[in-house]
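Enquirer: This is the structure I want to talk about, given as C-alpha cells.
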Amino acid sequence: MSVNVPLGPLLDPAFHLGSVPTTWAELLGFATGTVNVWLVVRQNILNWPIGIANVILLGLVFLDGGLYADAGLQVVYVVLQLYGWWVWLYGGDGRDRLPVRRTRGPEWAALIAAGAAGTALLTWVLSTWTDSTVPFWDALTTALSLMATYGQSRKLLESWWLWITADLVYIPLYFYKDLKLTGVLYVVFLALCVSGLLAWRRDLLARPPASAAAA
C-alpha cells in the first residue's frame, strides 16, 4: 500500500535492513520515540511536544504498513498528548508538579472495561472494513496503548505495566509486518518502560506518607 500525501517523501527509503526498506518516517520515529520515553521516565514535560512529533511520524509508518488501527490511534494520541501536556502543567501543585500515584480501583475498572470494549469493537471494524492481516492484535495493542497514555497523563504508576504489556505484543507484531526498525524501537521502549516503572516507584516511595495518601 502506498500513501500519497504531502509528507510522502518521509516514506521514501532511508536505508535497507537486508532486503527490507526502512523509511525516513520510521527512522525519525525511532529517534523521537526514544527521546520521548526517556523524557517520560524523567517526568520532563518536554515529552509531550516530542511525543506529538513521534505519533505523527509513526502514523505514516503504520498507515503505509497496513496497521490501520495503529495509524488511526495516532490521531487520538495527538489529542491525548495535548491533554497530558495540560494536566502536567496545571494538574499538580505548581508547574510540572503533578505527583505520581497508584491507580485506584474504580479507575482500573473503567480502564479495563473501556479496553475490552475498544478491543472488541476495533477487531470487528478491522475484520469487516479493512484488509488487515492482524485485526485482533492491532486492536489489542491500540486499546492497551490508549489505556497507558491516559494513565501516563495522570502519572499513574501502573501505566508502565500497561506499556510493558503492549510492547511485548508490539515487538513480534512489527517484525511480522517487516517494520524491523520499529520492532527494535519497541525493544528499546520496553527497556525504558521498565526503567520508568522503577523510577516512578522510587519517586512515589520517597514522598512523605501523608502526601502520598493525599494523592
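Enquirer: So which of V78, V87, V169 ends up being β-branched (V, I, T), without any contact (Cβ under 8 Å) to a residue 40 or more places away in the chain and within 17 Å of I52 (Cα to Cα)?
Expert: On inspection, the qualifying residue turns out to be V78.
Enquirer: Something else about it: Scan (1) within 28 Å of G183 (Cβ to Cβ); (2) part of a helix (DSSP H, G or I) for the single condition D131 breaks and write down its number.
Expert: Going through (1) within 28 Å of G183 (Cβ to Cβ); (2) part of a helix (DSSP H, G or I) one by one, D131 breaks only (2).
Enquirer: Right, here's the next one. For residues that are surrounded by 20 or more Cβ atoms within 10 Å (Cβ to Cβ) and of a type in the set (D, E), scanning just region 135-184, find the one that is nearest to W88 (Cα to Cα).
Expert: For region 135-184, the residue satisfying everything is D167.
Enquirer: Please go through region 37-51 and pick out each residue that is in contact (Cβ under 8 Å) with a residue 60 or more places away in the chain and either in a helix (DSSP H, G or I) or surrounded by fewer than 16 Cβ atoms within 10 Å (Cβ to Cβ) (or both).
Expert: Once the filter is applied, which keeps residues that are in contact (Cβ under 8 Å) with a residue 60 or more places away in the chain and either in a helix (DSSP H, G or I) or surrounded by fewer than 16 Cβ atoms within 10 Å (Cβ to Cβ) (or both), region 37-51 yields V37, W38, V40, V41, R42.
Enquirer: Which condition does Y150 not pass, out of (1) of a type outside the set (A, V, I, L, M); (2) farther than 26 Å from A114 by Cβ; (3) modelled with pLDDT of 90 or more, if it passes all the others?
Expert: The single condition Y150 does not satisfy is (2).
Enquirer: Could you list all residues from region 63-72 that are touching a Phe, Trp or Tyr at 6+ places or on another chain (Cβ under 8 Å) and touching a residue at least 40 places away in the same chain (Cβ under 8 Å)?
Expert: Correct list: Y68, D70.
Enquirer: To continue, here is another question. I'd like the residue in region 116-142 that is under 18 Å from the mean Cα position of the chain (by Cα) and polar (S, T, N, Q) and, out of all such residues, is modelled with the highest pLDDT.
Expert: This residue is T119.
Enquirer: Just the residues that are surrounded by 11 or more Cβ atoms within 10 Å (Cβ to Cβ), of a type in the set (S, T, Y) and either part of a helix (DSSP H, G or I) or on the phi > 0 side of the Ramachandran plot (or both), please, taken from region 103-128.
Expert: If the condition is that a residue be surrounded by 11 or more Cβ atoms within 10 Å (Cβ to Cβ), of a type in the set (S, T, Y) and either part of a helix (DSSP H, G or I) or on the phi > 0 side of the Ramachandran plot (or both), then T119, T123, S127 are the ones that fit.
Enquirer: Across region 170-202, what is the total count of residues that are closer than 30 Å to R101 by Cβ and over 16 Å from the mean Cα position of the chain (by Cα)?
Expert: 5
Enquirer: Among the residues of region 60-67, is there at least one that is surrounded by fewer than 23 Cβ atoms within 10 Å (Cβ to Cβ), over 12 Å from the mean Cα position of the chain (by Cα) and over 27 Å from T123 (Cβ atoms)?
Expert: So far as region 60-67 goes, no, none of its residues is surrounded by fewer than 23 Cβ atoms within 10 Å (Cβ to Cβ), over 12 Å from the mean Cα position of the chain (by Cα) and over 27 Å from T123 (Cβ atoms).
The values are calculated or read from the model by the stated rules, or taken from the named source; none is laboratory data. Keep in mind the model is a prediction, meaning the values are calculated, not measured. Glycine also receives a Cβ, built like all others from the backbone with ideal geometry; neighbour counts cover every protein chain displayed.
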